[in-house]
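Single-structure report; data block below.
The values are calculated or read from the model by the stated rules, or taken from the named source; none is laboratory data. In this text, all values refer to a predicted model and were calculated from it rather than measured experimentally. Calculation scope for accessible area: heavy atoms of the full protein, side chains included, ligands and nucleic acids excluded. Shrake-Rupley method; radii C 1.70, N 1.55, O 1.52, S 1.80 Å.
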Amino acid sequence: IKFKKFEKIVIIACGTAYNAGLVGKYAIEKWGQIPVDVELASEYRYREPSLDKKTLVIPISQSGETMDTLMALRYAKSKGATIFSVCNTNGSTIGRESDAVLYTHAGPEIAVASTKAFATQLIAMYLIGLEIGRQLEHLSSKKCKEIIKELTQLPAKVEQVLETVEPLRELTRKFKSADSILFLGRHTGYPTVLEGALKLKELAYMHAEGFAGGELKHGPIALIDNGTPVVAIMPTKDSVLAGKMASNIQEVKARGAVVIAISEDEFAGADHLIRIPQVDPLLQPVLAVVPLQVIAYEMAVARGNDVDQPRNLAKSVTVE
């Protein structure tokens, strides 16, 4: 695909794929310097959005049969947009009806809740962002190579995280009777905590919400009570947002929250610290989401739920 002909990009997806799309927006806008909207596929066509042949639409779907996403794709196509889908299933309807497809090659994911599908969707979004940045000449080949090198190191870093999560498993079980768990993130940490909260809802059947850290004082801080578990993803320490997240954590701790911080560095402000390896801030979701998936898994097991087949859910949502 020649990205130079497009004036804007619209990512359409549902659920976990939508959260991957939100991370994709950060990467594409930073590396490609092109405006990106991320839309819930189930809502998209009903507001009759403005798009034309200068719009690139990127549907994201694990199954390639997600009906909401397929109908949004058809609407975009009818308006003349180019469709470049991200999909895991070869020969699926979304793949067939697209102008181009980037297959994620995650292999079959047997459990209903997406985990490795999410990780590979993130990688696909990064690759698209890098290619757009390269084609539009906003990324030097040196910077491209640096990021690609970091991408190739991610599997080993994910292994590192998995080797150190045993204390987190034990900790999670202590919160099994909590009424609610709140998740805080900033920058790419925000879509990551949305995904963490979604996983907890899907698997543990408990109330969970993800918030952008800066939104706390605009309402959600009213939810904090003595003993409320709050999971926070710390931005990289050289980020301007690190200090802001630290103050968000102080705010919730002052109101009695128990804070679990996911951080690349030592962080004294939390009650519990989960360390993840250092990585480019845009790539951090691939590592930071792993402890969140572990929390959802352990909470489900502690509450006696079927982790692979959560109630009321289907692997592929083929109805609107």
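Under a 1.4 Å probe, what is the accessible area of the stretch 241-320 per residue, stated in Å²?
Details: 3410 Å² over 80 residues.
Accessible surface, normalised per residue, equals 43 Å².
Taking all pairs of distinct Cα atoms, average 1/r, flip it, and tell me the Kirkwood hydrodynamic radius of the stretch 247-319 in Å to one decimal place.
14.9
With only alpha-carbon atoms counted, please give the Rg and Dmax of the stretch 103-241, in Å.
17.7, 52
Rolling a 1.4 angstrom probe over the protein heavy atoms, how many square angstrom per residue are accessible across the stretch 21-95?
Details: 2890 Å² over 75 residues.
Here the residues of the stretch 21-95 average 39 Å² of exposed surface.
Beyond 18 Å, what share of the Cα-Cα pairs of the stretch 62-139 is found? Please give it as a whole percent.
Of the Cα pairs, 47 percent sit more than 18 Å apart.
Semi-axes of the equivalent ellipsoid of the stretch 85-128: what are they in whole Å, largest first, if each equals the square root of 5 times a C-alpha gyration tensor eigenvalue?
Details: eigenvalues 62, 38, 9 Å².
Taking √(5λ) for each eigenvalue gives 18, 14, 7 Å, largest first.
D for the stretch 52-183, whole µm²/s, Stokes-Einstein with Kirkwood Rh over alpha-carbon pairs at 25 °C and 0.890 mPa s: what number?
140
Where the centroid of each part is defined by its Cα atoms, how far is the stretch 290-320 from the stretch 126-168 in Å?
27
Just to verify a number: what accessible area does residue 102 come out at with the full protein assembly present, 1.4 Å probe, Å² rounded to tens?
50
Return the Rg/Rh value of the stretch 153-214, two decimal places, where both radii are evaluated on C-alpha atoms and Rh is the Kirkwood radius.
Radius of gyration over Kirkwood radius for the stretch 153-214 works out to 1.02.
Tell me, what is the per residue accessible area of the stretch 172-222 in Å², probe radius 1.4 Å?
Per residue, the stretch 172-222 has an accessible area of 39 Å².
Report the normalised scattering of the chain as log10 I(q)/I(0) at q = 0.09, 0.12 Å⁻¹, calculated by the Debye formula with identical scatterers on the alpha carbons.
-0.45, -0.82
GNM, the chain, Cα, under 10 Å: largest mean-square fluctuation among 217, 176, 116?
Top of the fluctuation ranking is 217.
State, in angstrom, two size descriptors of the stretch 175-267 derived from its alpha carbons: Rg to one decimal place and Dmax to the nearest whole number.
Rg then Dmax for the stretch 175-267, in Å: 12.3, 37.
Give the cross-link partners of residue 30 among the aspartates and glutamates, using a straight C-alpha distance below 17 Å as the criterion and excluding same-chain residues fewer than 8 apart.
By straight Cα distance, residue 30 reaches 7, 131, 137, 146, 150, 280.
Mind pulling up the Rg/Rh value for the stretch 162-320? Radius of gyration and Kirkwood radius, both on Cα.
Reported Rg/Rh, Kirkwood definition of Rh: 0.96.
If you roll a 1.4 angstrom probe over the protein chains with everything in place, what fraction of the accessible area of the chain belongs to carbon and sulfur, to the nearest %?
C and S fraction of accessible area: 51 percent.
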